[in-house]
Amino acid sequence: MQLSFFALRAGFLRLVGATLALGLLGPAQLADAHRSDAPTVTRNYQATDAVIANQERGFYHHTETHYRADGTGYVPLDLATLRGFRTQESVTQILRVFYLEKFASTDKLDPAYLALVRADFRTARAAGVKVLVRFAYAQPAGWPPTIPYGDAPVARVLKHIAQLTPILRENADVIALVQSGFVGLWGEGYYTDHFADPADPSQVSEQNWADRRTVVMALLRALPRDLMVQVRTPYMKQRMLGLPTGTEGALSADQAYDGSPAARIGHHNDCFLASPDDFGTYLSDPIELDKDFVAQDTKYVPAGGETCALNSPRSDWDSAAAEMARLHFSFLNTDYHPDVLGSWGDNITVAKQKLGYRLSLVRGTFTSPTSTTRPGGAVKVALDIRNDGWAAPYHQRQVQLIFQSAKHTYRVNLPADPRQWAAGTTTTLKATVRAPMAPGRYRLLLNLADPSPRLQTASYNPIYAVQLANTGTWQAATGYNDLGQVVTVSR
């Protein structure tokens, strides 16, 4: 598909750090630019098959911590370990399950506990990883699990979410998403004392469903509008929001990113490939209706999970890869199940490449470097960017064209939305922008920055910006992608 982003009005953009901001051209200046006969040059780019440590995609490591009745059990995140995940394994995210054992029987969360959670998010930020967050009250002591399971009633859950809200909002920059959690063992919503019949957890009453919906809606309200929540099965989303299964009930392009609950609830499948219905993940008859629902939904909301049992041929690589592509998987647990992941052999590298988005430059067309550009004059750029991953980015990115000289660096914010760069498509990004006012030779670069201003600073941007899958383009010190073109601004 092609997206044209020629600006309709002029404006100067916010100063970011020590980097200056340039404006886009206004209507009259655009008209002059289009009439210009300044020559252009086209450059083709070479893709790489390297595994790239980009955020909010790829394999993740499972981590968990506890807080028992006596206040013991909390094991803080370790900075060196997290940095090793990113630098040695190209793993940029963790699942962090915060178990709340002590608080299943009390409304108030300890200040000491809240301080520990805050510290974990600081550690994740310093390490350059993002967090898939889940809160839960209990794990089974053995198998099969016995009653009572140990989770909390709805009124208490809501009080806990209210106390966690400031922490979630303060640290939204390093939270990739939040899984609905809270209900049942592991926070997966099945074995529960309060949200189903404990003796037969498959029996969920109308009041149980109303209570489950209340928890998910409270969690959505606790988070900034651009953060999403995942539920454990597609039926949970369908039942809570009154949606039919199949493609008919899933998100459309018009509904995507509109801030509604439907547009903010994704899917995590924690028994991926384990049986024909993934151990009860899919409940429709036929099962394909639920898969059609998820396949359409996850064009716009995140999907991921973990494998949990060897189940050949369904869990074999060819089947697994086809389904991850169909369901737009952005992430998968690297720790479990080892037999399933081990059966994929060298194809595990393909999964590392294709989980989530994989963006690369195909070609670029620019105002020719042999042309003389006056200060503030028009510079034309058109970039073809291909997404060879299994999913589009599920978070917005700040797309910026960078002018970089020996003395100055200028950013121009472009009105582009990488969430619309769908899997398997090529997008044409066009812009006509102002040249810097200061004379000099400027390299052109592209920055796909995290939307958080904190993570756009010089210390964080190289870690949290997107590296394109090309050879010779990544500028590791800044987090910019070098387009290989020079603009000369004359005196």
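Each residue in the stretch 169-199 was checked for being open to solvent by 60 Å² or more (accessible area, probe 1.4 Å) and either touching a Pro at 6+ places or on another chain (Cβ under 9 Å) or not in a loop (DSSP other than H, G, I, E, B) (or both), and 6 of them qualify.
For the stretch 293-342, taking the residues that are more than 23 Å from the chain's Cα centre (by Cα) and without any contact (Cβ under 8 Å) to a residue 12 or more places away in the chain, the one that is farthest from HIS395 (Cα to Cα) is identified as PRO313. In this entry, ARG213 passes the filter for residues that are open to solvent by 10 Å² or more (accessible area, probe 1.4 Å) and free of Cβ contacts under 8 Å to residues at least 40 places away in the same chain. Restricting attention to the stretch 346-362, the residues being basic (Lys, Arg) and closer than 19 Å to ASP417 by Cα number 1. The numbered conditions (1) open to solvent by 10 Å² or more (accessible area, probe 1.4 Å); (2) part of a loop (DSSP other than H, G, I, E, B) are all true for LEU468 except (1).
Within the stretch 275-283, does at least one residue satisfy the condition of being buried (at least 18 other Cβ atoms within 10 Å of the Cβ) and closer than 19 Å to TYR357 by Cβ? So far as the stretch 275-283 goes, no, none of its residues is buried (at least 18 other Cβ atoms within 10 Å of the Cβ) and closer than 19 Å to TYR357 by Cβ. Please go through the stretch 263-290 and pick out each residue that is assigned to a strand (DSSP E or B) and in contact with an Asp or Glu (Cβ under 8 Å, 6 or more places away or on another chain). Listed by number, the residues that qualify are GLY266, HIS267, ASN269, ASP270, CYS271, PHE272. Mind listing whichever residues of the stretch 445-465 are open to solvent by 40 Å² or more (accessible area, probe 1.4 Å), under 17 Å from the mean Cα position of the chain (by Cα) and among the β-branched types (Val, Ile, Thr)? Scanning the stretch 445-465 gives no hits.
Among the residues of the stretch 380-426, those identified as outside any loop (DSSP other than H, G, I, E, B), open to solvent by 10 Å² or more (accessible area, probe 1.4 Å) and closer than 21 Å to ALA263 by Cα are GLN398, ARG419, GLN420. Against the condition surrounded by 19 or more Cβ atoms within 10 Å (Cβ to Cβ) and within 23 Å of PHE293 (Cα to Cα), how does PRO244 come out, does it pass? In short, no.
Taking the stated definitions as given, is PHE121 in contact with a helix residue (DSSP H, G or I) (Cβ under 8 Å, 6 or more places away or on another chain), of a type outside the set (Asp, Glu), open to solvent by less than 20 Å² (accessible area, probe 1.4 Å) and in a helix (DSSP H, G or I)? Criteria met by PHE121.
Close Cβ contacts (under 8 Å, 6 or more residues apart or on different chains) running from residues in the stretch 379-395 that are more than 28 Å from ASP173 (Cα to Cα) and hydroxyl-bearing (Ser, Thr, Tyr) to residues that are open to solvent by less than 10 Å² (accessible area, probe 1.4 Å) and modelled with pLDDT under 95 are absent.
Annotation note: Cβ proximity below 6 Å between a residue of the stretch 80-95 that is surrounded by 15 or more Cβ atoms within 10 Å (Cβ to Cβ) and a residue that is among the charged types (D, E, K, R) (sequence gap 6+ or interchain) occurs for THR92/ARG86; GLN93/LYS130.
The values are calculated or read from the model by the stated rules, or taken from the named source; none is laboratory data. Predicted model, so just to flag it, every value in this text is computed and none were measured. No Cβ is skipped: glycine too gets one built from the backbone with ideal geometry, and neighbour counts run over all protein chains shown. Each accessible area value is taken on the protein alone, full model and side chains, heavy atoms only, with ligands, DNA and RNA left out. Shrake-Rupley method; radii C 1.70, N 1.55, O 1.52, S 1.80 Å.
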